[in-house]
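As structure tokens, the structure follows; a few thoughts come after it.
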Amino acid sequence: MNLVAHLTRLYVEGHARPAPPMWQDPRIQHMASFKPASVLVAVTDRPEPGLLLIHRPDTMRAHPGQVAFPGGRRDEGEDVTAAALREAHEELGIDPARVTVIGPSDIYRTATGYEITPVIGVVPADIAITPCPTEVASWFEVPLAHVLDPANRVTRQMEHDGVSLQVMEILWQGHRIWGVTGAILARLIRRLDWTLA
């Protein structure tokens with residue numbers, strides 16, 4: 001089974017099940033509204049698939065220096081998929097025509113007031129990457145097998161603004177994947193029960 005077919009099957013099966021109530025930030029409980037945003041969960045189509053991730057520049061106001069999926073705020077009238085593809089093109093130069101979209105997954109609301117919809121897509125292994133320096137400090141590809149291996153995922157409790165938060169952390173070659181990105185990945189893994197076996 002090829003990667004697109006495999007992910008499509010997992011996506012359909014995973015979204016036929018109720019979403020588990022997990023990895024929510026308790027700080028959002030009293031927030032009345034959120035700004036809509038989308039990110040692209042880009043899976044590379046290679047014998048050992050990977051995920052494309054970026055480091056935000058240290059100069060950015062929100063989440064400076066952190067690892068993130070390419071993405072951002074949705075424009076007026078824009079749907080979740082169009083926004084994810086546009087942002088991935090603006091930030092990494094990914095040609096939207098070369099992305100095979102699997103579909104959107106569970107939204108994640110952040111304490112900074114964003115409602116993020118991750119959109120899963122498959123990109124060719126040889127896709128051209130041209131990062132935008134004002135949006136992306138650097139980019140990397142982490143092996144999907146590394147992310148999926150429970151041995152590489154650590155769940156921690158941390159205090160922020162007097163609130164206890166549960167966070168998932170994955171380390172890979174000096175990169176620390178955690179925070180919002182870790183929470184989105186944790187929910188995707190649980191929702192889809194991803195396995196490449």
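Rule-based calculations on the coordinates, nothing more; no lab input. Being a predicted model, the structure only gives us computed values, none of them experimental. Every residue, glycine among them, receives a Cβ derived from its backbone with ideal geometry; neighbour counts consider all protein chains shown.
Counted residue by residue at 0.36 nm each, then reduced by the alpha carbon distance between them, the extension gain from Ala137 to Glu76 reaches 19.2 nm. Among Pro133, Val80, His30, whose Cα sits farthest toward the positive end of the charge dipole of the chain (+1 at Cβ of Lys/Arg, -1 at Cβ of Asp/Glu, about the Cα centre)? Toward the positive end, the furthest listed residue is His30. Stretching Ser164 away from Val4 to a fully extended chain increases their span by 53.8 nm, per 0.36 nm per residue minus the current alpha-carbon distance. Per the Debye calculation on segment 24-181 with a single equal scatterer at every Cα and no solvent contribution, log₁₀ I(q)/I(0) for q = 0.10 Å⁻¹ amounts to -0.36. Bridges between two residues of segment 3-192, per DSSP, are antiparallel at a rate of about 70%.
Between Ile129 and Arg156, the contour length at 0.36 nm per residue exceeds the Cα-Cα span by 6.4 nm. Given charges of +1 on the Cβ of Lys and Arg and -1 on the Cβ of Asp and Glu, with all other atoms neutral, how large is the dipole of segment 39-197 about its Cα centre, in debye to the nearest 20? I would put it at about 380 debye.
Please give the calculated 222 nm ellipticity per residue for the chain, where each DSSP H segment of at least 4 residues contributes -39500 (n - 2.57) and the sum is spread over every residue; nearest 500 deg cm²/dmol? Display every interim value, and only then the final one.
Working: 4 runs with 44 residues, N = 197.
One gets -7000 deg cm²/dmol as the mean residue ellipticity at 222 nm.
Residue farthest toward the positive end of the dipole of the chain, with Cβ of Lys/Arg at +1 and Asp/Glu at -1: which of Val122, Ser105, Pro143? Looking along the dipole axis, the top candidate is Ser105.
For segment 123-197, the calculated P(r) over all alpha carbon pairs, in 5 Å bins from 0 to the bin holding the longest distance, is 3, 12, 20, 21, 19, 15, 7, 2, 1, 0 percent. Remark: segment 74-158 carries a charge dipole of roughly 400 debye about the Cα centre, counting +1 on each Lys and Arg Cβ and -1 on each Asp and Glu Cβ.
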